[in-house]
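Structure record follows, encoded as structure tokens.
What follows draws every value from the coordinates through simple rules; no lab data is involved. Since this is a predicted model, take the numbers as computed values, not measurements. As a convention, Cβ positions derive from the backbone with ideal geometry for all residues, glycine included, and neighbour counts pool all protein chains shown.
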Amino acid sequence: RDFVNFAKKAVGQYEILEDRFLTKKDERERFSVSTQHFTFAIEAFTNVIKKFDPQKFVFSIHETKTKAVLDDVRTSKSEGGIVSYSSANKALMKKLFREYGLLFTPPMQRETYIYVWKDHDLAGRKEISIEEMAPYPYVCFDQSVEGSLYLNEEAMADHVFEKMIKSDDRATSMEIIAKLGGYSIGSGMLSRKDATLQGLSAIKLIEEDPLIIGYITRKRSTLSLYGKAYIEELLQYREIE
């Protein structure tokens, strides 16, 4: 198992080198970023493309699990990545940043919100307690790795939810929330440009467990023109200094 894991990484590294440096007569601009499930990260990505409007390019955005974001940046699959942590996994995430040789720049801190569908009985509330949500199923993203509890991208990771549904796809999660009257936990930033989120209502969670959201890069790496522009776009969503 260890050999296969290392072999996959080696092959992936070679493919990156081949794609970037060995392929002849390829003048396409390149940029790749990996992110947890944040719609603002996708919006920032599209804004960068609109800003530069390159004639030839291969850009990639990988909306994926926490561990995969860290691996993508460490192995240079992506130039940078967007991850978050809360009080429950702050120590572990900082430990992984050190072990993976990553720099974490926190551009924002966000308070915690509950997301419900617009026709939910509780939609429209300004604040709500996590205990009030106990009768409804909690929908979260499945990390599917050892120690996944502490790699959660949602706040309140150490809370015991009596009803929980795990999903690894944002559209699937929204469908479950709509059909089962469920809820998810997030940063409160809902992009109205995303059709999958237009039916959601955000309610401030009374229990405080703020998310620290930041951008990771490899140590001693130099950001490309697009990487710098992407960070500038992310800063537009900054809440505090």
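Using the Karplus curve 6.51 cos²θ - 1.76 cosθ + 1.60 with θ = phi - 60°, work out ³J(HN,Hα) for each residue of the stretch 53-58 in order, rounded to whole Hz, and write x for Gly and Pro.
Once θ is set to phi - 60°, the couplings for the stretch 53-58 become 6, x, 6, 9, 7, 10 Hz.
Amide H neighbours of Phe141 under 5 Å, counting only residues 5+ apart in sequence or on other chains, H built in-plane at 1.01 Å?
HN-HN under 5 Å from Phe141: Ser167.
Assign unit charges at the C-beta atoms only (+1 for Lys and Arg, -1 for Asp and Glu), then state the dipole size of the chain relative to its Cα centre in Debye, rounded to the nearest 20.
980
For the stretch 27-32, in order, what is each residue's ³J(HN,Hα) by Karplus, 6.51 cos²θ - 1.76 cosθ + 1.60 with θ = phi - 60°, in whole Hz (x at glycine and Pro)?
Along the stretch 27-32, the couplings run 9, 6, 6, 9, 7, 9 Hz.
Top mean-square fluctuation among Met156, Met174, Met133, Gaussian network model of the chain, C-alpha springs under 10 Å?
Met133
If the viscosity is 1.306 mPa s and the temperature 10 °C, what Stokes-Einstein diffusion coefficient in µm²/s follows for the chain when Rh is the Kirkwood radius over Cα pairs?
So the translational diffusion coefficient is about 83 µm²/s.
Please give the contour-minus-distance gain from Ile49 to His62: 0.36 nm per residue of separation, less the Cα-Cα distance, rounded to one decimal in nm.
3.1 nm
Quote to one decimal, in nm, the extra length available between Leu223 and Glu132 on full extension: 0.36 nm per residue of separation minus the C-alpha distance between them. Walk me through the intermediate numbers first.
On the way: separation 91, 0.36 × 91 = 32.76 nm, distance 4.51 nm.
Between Leu223 and Glu132, full extension yields 28.3 nm more.
If you wrap a convex hull around the C-alpha atoms of the stretch 1-135 and split its volume per residue, what is the figure in Å³?
185
Holding the Cα-Cα limit at 22 Å, pick out from Lys67/Lys95; Lys90/Lys179; Lys118/Lys204 the pairs that are longer than that. Walk me through the intermediate numbers first.
Numbers: Lys67/Lys95 13 Å; Lys90/Lys179 33 Å; Lys118/Lys204 15 Å.
Too far apart for the 22 Å limit: Lys90/Lys179.
If I take the Cα coordinates of the stretch 112-209 and project them onto the principal axes, what are the three extents in Å, biggest first?
Result, largest extent first: 36, 27, 22 Å.
Based only on other Cβ atoms within 10 Å, what is the fewest-to-most ordering of Phe59, Phe3?
Ordered by Cβ neighbours within 10 Å, fewest first: Phe3, Phe59.
Lysines near Lys56 by alpha-carbon distance under 30 Å, same-chain residues fewer than 8 away left out - which ones?
Straight-line reach from Lys56, under 30 Å: Lys8, Lys9, Lys24, Lys25, Lys65, Lys77, Lys193, Lys219, Lys228.
Once the dipole of the chain is set up with Lys and Arg at +1 and Asp and Glu at -1 on Cβ about the Cα centre, which of Tyr237, Ile206, Leu122 lies farthest towards its positive end?
With unit charges placed on the Cβ atoms, the residue in question is Tyr237.
Using +1 on the beta carbon of Lys and Arg, -1 on that of Asp and Glu, and nothing else charged, what's the dipole of the stretch 51-114 about the Cα centre, debye to 20?
That gives the stretch 51-114 a dipole magnitude of about 200 debye.
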